[in-house]
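Every number here is computed from the coordinates shown, using simple stated rules; none is lab data. None of these values were measured; they are calculated from a predicted model. Neighbour counts run over all protein chains shown; Cβ positions are idealised from the backbone, glycine included.
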Amino acid sequence: MKIDEAFEVVWDCLVKNLASDSFVINNIEKDSRIINVSFSSSKPTEFVDCGNTTRTFSNARGKKTYSYKTEGSARYTYSNDQSEAFNVVRSAKLNGRKNIYLAPLSDGTLLNINTKYVVDVKVKYFSFAGNQAAGEDEFTFDFSTKKIYK
């Protein structure tokens, strides 16, 4: 992307904004024109969209449908292949890194940003009495702005 401002102006503005935001500056090299920052959030749904998940639980008391964002945290009831039922607590966290490249152009500044996102999901299974029953699972989804996650 081309910005119609001088390199020095863009660099100073970008560094100022990154330093005052929720980013952690890992590496900054003005001579190489690269800034590497990292970030994290316990609310991935504010930053990424991985679609929706729908689950249905049925027992003698009836049927309940749960819908939630795939990248988000959720609570639902689950039944495994042995017809055992569990309450499930699903916690999601987002971590990411951005590589920012700035270079002077004769009539402005070149800006290129690549971002890698990692969504970590922990799932804990509890008996209806509240005891942690069947353990836990962990899943990781990672993708970047260079390609679509499949």
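Relative to the longest principal Cα axis of the chain, at what angle does helix 7-20 sit, 0 to 90 degrees, rounded to 10?
Tilt of helix 7-20: around 30 degrees.
Distance cut-off 31 Å, Cα to Cα: go down the list Lys16/Lys122; Lys2/Lys116; Lys43/Lys64 and report the pairs above it.
Working: Lys16/Lys122 35 Å; Lys2/Lys116 22 Å; Lys43/Lys64 25 Å.
Violating the 31 Å limit, Cα to Cα: Lys16/Lys122.
Given labels modelled 7 Å from the Cα in the Cβ direction, how far is it in nm from Tyr78 to Leu111?
With each label placed 7 Å out from Cα toward Cβ, I get 4.1 nm.
Multiplying the sequence separation of Ser67 and Asn26 by 0.36 nm and subtracting their Cα-Cα distance, what value in nm do you get?
Numbers: separation 41, 0.36 × 41 = 14.76 nm, distance 3.71 nm.
Extra length from Ser67 to Asn26 when fully extended: 11.1 nm.
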